[in-house]
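What follows is a single structure, written as structure tokens, with notes after it.
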DNA sequence: CACGATACGGAACAGTGTTCCGTTTGCCAA
DNA sequence: TTGGCAAACGGAACACTGTTCCGTATCGTG
């Protein structure tokens, strides 16, 4: 396996220098465009920023979603890895869960339009959706399980639901009259009520 | 003044017959298109359904949002009017609030793409957003106030936040793995915790 | 240094919402 | 009944998306 990999890796060891350079430039340009115009920044704008043609973007990133994933991959990975770490810190699982959700919310609210894109039913963003889910659902599930086992939250909620709900609540953060983080806290607080809903 | 008004009203009492007919046809066609393709149904599709040109749509409804508002106005009004009614029914304000939210969720989840459009930062849907807010925020505020006064929910939550949060949670209902109604229940349950979040 | 594979640029395509204006049509006065 | 004109219509055209395609330029190697 290692032989085959290194062999094929030797045969096509590295892309042409200009290609590698362009890919890096493109990632920077996209990141900058996402900050100033949101993840919906027009492809042509990103190409112009990077000083390349639009064809070059599509050669490196088959679809917009792939570009978005590439730009945010590091941060998503960091978030995913933070889950087990928080859980291992020794505190109550519910606290770890709340902290992790907070991390996730921080990530989403600082990326203008990302939450919207994530929930978009546009087939274009399917890849994006899938990547986030693949990477984060298991982590979230682990935290939920721990908290449920400890009896701290109701046991009948899925990681998918929580992630999606939290992601949805982050849509439109940026509006000063809308505090996404607070509503997420409310939702997570609701999780902590094992019995019937309602007061008293 | 009254003379001028009634005079001008008399002078142009009703639009031309074909115009009135087309407006009605258009509303029907749009409603049908929204059901089968969501509120994002292409303008050309709606025009084709109604058997008119796209120009005719824009003459009657300056923007897509106006068309959407016109189609759903009746249901939004009904929802708005249900608020005071539920509150007057004599039960606990919190129960009335929960029932009203349920009504709102019912409305949103049955309109494919409406929740998405409502939270879209697209300037096109500004009118839509504004209409829903104008009409429903006061109703929601009344219910929240009543429940807060009764000590049934925390008093520090605004109607705008709740409506927006609930609206956001309704995005993507339709996915079988995502139960929007349940998450809304969780959120509303979180509302019922006047003290600090978290278990015990 | 020359040649072939690789990568590039941007025109072209398909699909949006919206605008614009030549043509048709309904209505009212004569 | 009919003439005329304001109102309304249809749909081509525009501006803006994402995406594809291919002639051209460039890189790296023998």
If the label for residue A:102 sits 7 angstrom from Cα along the Cα-to-Cβ line, what are its distances to the same label in every other copy, in nm to one decimal, shortest first? 3.5
For the stretch B:115-200, the Rg and Dmax computed from alpha carbons only, in angstrom: 14.5, 46
The stretch A:28-48 scanned against label point 7 Å out from residue A:130 along Cα→C-beta; backbone N under 17 Å for none
List the distances, in nm to one decimal, from the label point of residue B:66 to the label points of the same position in every other copy, shortest first, placing each label point 7 Å from Cα along the Cα-to-Cβ direction. 4.3
Identify, for chain B, the residue whose C-beta comes nearest the rotation axis onto chain A, and round that distance to whole Å. B:190, 2
Taking every Cα atom in the protein assembly as shown, find the radius of gyration and the maximum pairwise distance Dmax, and write them in Å. 25.0, 94
Given label points at 7 Å from Cα along Cα→Cβ, what nm distances, shortest first, separate residue A:149 from the same residue in every other copy? 4.9
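Across the residues of A:161-171, average count of Cβ atoms on other protein chains within 10 Å? Walk me through the numbers before you get to the answer.
On the way: counts 7, 2, 1, 9, 13, 2, 3, 13, 8, 1, 11.
Taking the mean over all residues of the peptide, I get 6.
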Crossing angle, helix B:64-88 versus chain B [Cα axis fit, 0-90 degrees, rounded to tens]: 40
Counting other C-beta atoms within 10 Å, which of A:21, A:164, B:154 has the fewest, and how do the rest follow? A:21, B:154, A:164
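Apply 1/(1 + (r/R0)^6) to the Cβ-Cβ distance of residue A:181 and residue B:44, taking R0 = 41 Å, and write down the FRET efficiency to the nearest 0.05. Each step should come with its number before you reach the end.
Values: r = 41 Å, r/R0 = 1.00.
After rounding to 0.05, the efficiency reads 0.50.
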Rounded to the nearest whole number, the Stokes-Einstein translational diffusion coefficient of chain A at 4 °C and 1.567 mPa s (Kirkwood radius, C-alpha pairs) in µm²/s is 69
A convex hull over the alpha carbons of the stretch A:42-92 yields, per residue, a volume in Å³ of 93
Computed over chain A: longest principal axis from alpha-carbon atoms vs helix A:2-11 long axis, angle to nearest 10 degrees, is 40
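Kindly provide the helix-only [θ] at 222 nm of the protein assembly as shown, computed as the sum of -39,500 (n - 2.57) over DSSP H runs of four or more divided by all residues, to the nearest 500 deg cm²/dmol?
-23000 deg cm²/dmol
Taking Cα pairs under 8 Å and at least six residues apart, what relative contact order does chain A come out at, in percent? If you can, show how the numbers build up before the last one.
Values: 186 pairs, mean separation 38.1, N = 200.
19 percent.
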Tell me, A:20, A:64, B:181 in order of fewest to most beta-carbon neighbours within 10 Å? A:20, B:181, A:64
Helix A:159-169 axis, angle to chain A major axis (alpha carbon atoms, nearest 10°): 80
Taking B:120, B:37 and counting other C-beta atoms within 10 Å, the order from fewest to most: B:37, B:120
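The numbers here are math on the coordinates, done by the rules we state, and not lab data. The structure displayed is predicted, hence computed values, not measured ones. FYI the Cβ positions are ideal-geometry reconstructions off the backbone, even for glycines, and counts take in every protein chain you see.
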